[in-house]
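Notes follow once the structure below has been shown.
Read-outs: derived from the displayed coordinates by stated rules, not from any lab. The shown structure was predicted, so the numbers you read here are calculated from the model rather than taken from an experiment. Every residue, glycine as well, gets a Cβ built from its backbone with ideal geometry; the counts of neighbours run over all protein chains shown.
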């Protein structure tokens, strides 16, 4: 059974097929057509809905935008689902709807429901809002008509107000109903074909009983199998109910991130310890995708153009895997064994990712090259982690995406540069020459092979230039004592 609220209505589902998306449920089962399908891949935002989820002690609600076209029903268990029809109160528009009218932010109207829901989530999650907050909140919504300025102006204006609507006034009752859902029927969470285990033992059993079933967490990649490739999936094992996979902790020497943590939720901790990864993390698709996509999923799908694997390679991360009986650690350098293939055994899953902290001699930088600044897949991704002591290169760790069949490292770059004076111009020329010949990328719609090789070499040049001002090569390290 999957239990959740639709606005203030309690809903139970026990017969949904495994690959039923939230968008299909809203339009075909509930017959609400305000939520649109534009791209079926989480790119355009026309299908945006909001879920309100309680914090750990059920004292407040957190509002989160999702792309319903690629969201499975497991994602709403124990939460409140809100779509555009719920916002207006009779003949009175919600403040975010009225703001869009006042600022002339809608023309053809197809994208408008999605924008409204993104505005609504921001209206409920930020006390003071600036333009950057608005651009981030709307990053997953595309519009062909208005040029965005009136939508941005409307969002800024309405979010200057303190949230005051039926949802804020009903917070206490909503929390009460969600608390009831959380304590009822925990032994029957899920449906016949959508299995939602609660702990590692029940997950191991689900895998043993359903050996051909696929594991899914955020579903932002897997859902394309049935929304764009039009394939059916009979059975799925969802990790969305596995709280032990959502823990984020630190040790004296590392950050440990639970595999089922959404990217948005781990961003504060990740950027606290590795602020140099901001370009990758903040440009990881769009906010609705980051609200759902998980670090474990981004690693497990082993895509050669995934955003985070190059960073994990450069940082010498360790992939912690589990089978319910024992855990083992796999260095990320050994985890990707082929195109979309990993070292995971058939009965294993990713439990966590451990990332060692930087020391005072390491310089880290991450670069993502794509056609669009945000909400786009990289043509080339490069992350450099260079250890420099008294001006001499002692070690080079680097991770690359978009240039090989797997996320890749480059040992030849390390071998060529160790012992060289970093500030010497010969260092940059040597690094560029190595990277121009290190990989044999392909031509595709995003870039040619020659372009990728040239960009890769130039990114090393950029890294070299950006780090010339500090000849001692010291770096900011957070005090982890």
Problem - Relative contact order %, the range 73-190, counting alpha carbon pairs below 8 Å whose residues are six or more apart - result: 34 percent
Fill in the blank from the handout: Taking Cα atoms, the helix 149-158 axis meets the longest principal axis of the chain at an angle in degrees (rounded to 10) of 60 degrees
Handout entry: the chain - share of DSSP beta bridges that are antiparallel (%, nearest 5)
Key = 90 percent
Handout entry: In degrees, nearest ten, helix 449-466 long axis to first principal axis of the chain (Cα)
Key = 80 degrees
Exercise for the section: Can you grab the distance from the C-alpha centre of the range 388-440 to the C-alpha centre of the range 41-83, Å, no decimals? Expected result: 42 Å
Practice task
Go ahead and estimate [θ] at 222 nm for the chain from helices alone: -39,500 (n - 2.57) per DSSP H run with n ≥ 4, summed, over the residue count, rounded to 500.
Solution key: -8500 deg cm²/dmol
Problem - Rel. contact order, % - alpha carbon contacts under 8 angstrom, at least six apart, the range 243-356 - result: 29 percent
Fill in the blank from the handout: Relative to the chain, whose Cα atoms define the longest principal axis, helix 425-438 and its Cα axis are tilted in degrees, nearest 10, by 60 degrees
Practice task
Pop the C-beta distance of residue 10 and residue 199 into the FRET formula with R0 = 22 Å and round what comes out to the nearest 0.05.
Solution key: 0.30
Problem - Burial ranking of peptide ranges 272-278, 70-76, 52-58 (average Cβ count within 10 Å, highest at the top) - result: 70-76, 272-278, 52-58
Practice task
For the range 362-466, just run the numbers: alpha carbon Rg, then divide by 2.2 N^0.38 Å, N being how many residues it has.
Solution key: 1.05
Fill in the blank from the handout: For the range 95-164, averaging the sequence separation of alpha carbon pairs under 8 Å that lie six or more residues apart and dividing by its residue count, the contact order in percent is 51 percent
Exercise for the section: Using Cα centres only, tell me the gap between the range 125-204 and the range 361-378 in whole Å. Expected result: 27 Å
Exercise for the section: Select one label from (1) 82, 51, 48; (2) 71, 55, 47; (3) 92, 62, 44: the one whose number is Cα extents along the principal axes in Å as derived from the coordinates shown. Expected result: (2)
